[in-house]
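What follows is one structure encoded as structure tokens, with my remarks underneath.
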Amino acid sequence: MLEILDTLVSLDLFKVFFCCDLEKCHGACCVEGDAGAPVTMEEVGLLEEAYEVIHDDLTPDAQQQIEEEGVVYPDKDGELVTQIVRGKDCVFVKNEGECAFCAIDSAYRCGRFHWQKPISCALYPVRLSKVGGVTAVNVHKWDICQPARELGKKLQLPVYQFLKEPLIRRFGQAWWDECDLAAKELKKAGYLD
């Protein structure tokens with residue numbers, strides 16, 4: 001791990017290649033798993049606000065779940081996550097053909113909402129955790145993302161470059177610049193071959 005501006009960064013951020021391939025995965029990360037997406041307390045109000053804007057984009061089951069239980073719930077570890085339906089699908093999913101998309105992200109991209117989506121979703125496959133009060137930045141490997149790793153390898157696109165915008169959103173431009181410099185130094189030293 002490397003220390004970058006008060007974070008501990010896994011070398012996988014530089015070594016693992018990644019680029020979402022929706023044609024192959026169909027947005028499975030939004031509809032697979034056993035819990036919703038991790039959210040911060042600050043994001044709960046934004047999710048409630050987003051729900052008012054995207055209500056009609058959601059399935060009737062998702063609308064009912066949110067009306068009965070709210071936009072988030074505590075998972076088995078007590079962390080807040082987005083509500084799910086059928087034990088796996090995020091309530092904020094919007095289906096278009098065979099693909100699952102985030103309805104909040106779609107509204108943001110169309111100018112209907114001012115916030116993109118929870119940072120944990122924007123950062124995937126990066127997962128953040130606390131280690132002794134320091135934020136650890138790790139790369140999560142999930143089988144459903146194999147097509148993304150294959151496309152990323154084909155494009156020679158490491159995770160930190162694929163996630164440039166969300167990493168800047170979460171940590172700031174100075175952090176990303178340090179991350180980019182670290183990648184160049186690691187490559188020069190032969191650690192990324």
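How many angstrom lie between the Cα centre of the range 102-119 and the Cα centre of the range 8-50?
Answer, in whole Å: 14.
Grab the other residues whose beta carbon is less than 13 angstrom from that of residue 119, score K and R as +1, D and E as -1, and report the net.
Working: positive: 117, 127, 169, 170; negative: 42, 43, 105, 165.
Summing Lys/Arg as +1 and Asp/Glu as -1 gives 0.
Mind checking the dipole of the range 103-193: about its Cα centre, +1 per Lys or Arg Cβ, -1 per Asp or Glu Cβ, Debye to the nearest 20? It would help to have the intermediate numbers written out before the result.
Working: 15 positive and 9 negative charges, 41 e Å.
Approximately 200 debye in magnitude.
With every protein chain present, what is the per residue accessible area of the range 123-193 (1.4 Å probe, Å²)? Let's see the in-between values first.
Details: 4210 Å² over 71 residues.
With all protein chains present, the range 123-193 gives 59 Å² per residue.
For the range 1-88, what does the accessible surface come to per residue with a 1.4 Å probe? Please give it in Å². Intermediate results must be reported in sequence, preceding the final value.
On the way: 4920 Å² over 88 residues.
Computed with neighbouring chains in place, this is 56 Å² per residue.
At a probe radius of 1.4 Å, what is the per-residue accessible area of residue 117, in Å² to the nearest 10?
40
Hey, got the dipole for the chain? About the Cα centre, +1 on K and R Cβ, -1 on D and E Cβ, debye to the nearest 20?
Here the size comes out at about 960 debye.
For the range 43-93, which trypsin sites (Lys or Arg not before Pro) are both in a DSSP coil and crowded by at most 11 other Cβ atoms within 10 Å? Working shown, then result.
Numbers: sites: 76, 86, 88; in loops: 76, 86, 88.
For trypsin sites (Lys or Arg not before Pro) across the range 43-93 that sit outside H, G, I, E and B with at most 11 neighbouring Cβ atoms in 10 Å, the list reads 76, 86.
How much length would be gained if the chain were fully extended between residue 109 and residue 22, taking 0.36 nm per residue of separation minus their Cα-Cα distance, in nm to one decimal?
Separation in residues times 0.36 nm, less the Cα-Cα distance, equals 29.6 nm.
Which label marks the calculated value of Cα extents along the principal axes in Å, given the options [x] 44, 35, 31; [y] 64, 33, 32; [z] 55, 37, 33?
Answer label, from the structure shown: [z].
Pairs of Cα atoms under 8 Å, at least six residues apart: use those to get the relative contact order of the range 1-123, whole percent. Could you put the intermediate results ahead of the total?
Values: 154 pairs, mean separation 35.1, N = 123.
With pairs under 8 Å counted, the relative contact order is 29 percent.
Got a sec? Charge dipole of the chain, +1 on Cβ for Lys and Arg, -1 for Asp and Glu; which of 72, 97, 58 is way out at the positive end?
It is 97, whose Cα lies furthest towards the positive end.
Please report, as a whole percent, how much of the solvent-accessible surface of the chain comes from carbon and sulfur atoms (probe radius 1.4 Å).
50
Tell me the accessible surface of residue 69 in square angstrom (1.4 angstrom probe, heavy atoms of protein chains only), to the nearest ten.
110
Work out the length of the dipole vector of the range 44-134 about its Cα centre, built from +1 on the beta-carbon of each Lys and Arg and -1 on the beta-carbon of each Asp and Glu, and round it to the nearest 20 debye.
It comes to approximately 480 debye.
Assuming R0 = 25 Å, what is the FRET efficiency of residue 177 and residue 130, from their Cβ-Cβ distance, to the nearest 0.05?
0.60
Going by the alpha-carbon gyration tensor, a ≥ b ≥ c the square roots of its eigenvalues, is the range 12-121 rounded (a/c under 1.5) or, if a/c is not under 1.5, prolate (a/b greater than b/c) versus oblate? Display every interim value, and only then the final one.
On the way: a/c = 1.39, a/b = 1.20, b/c = 1.16.
Rounded.
The values are calculated or read from the model by the stated rules, or taken from the named source; none is laboratory data. Just so it is clear, the structure is predicted and the values come from calculations on it, not from any experiment. When we count neighbours, we look across all protein chains shown, and the Cβ atoms used for this are built from the backbone with ideal geometry, even at glycine. Calculation scope for accessible area: heavy atoms of the full protein, side chains included, ligands and nucleic acids excluded. Shrake-Rupley method; radii C 1.70, N 1.55, O 1.52, S 1.80 Å.
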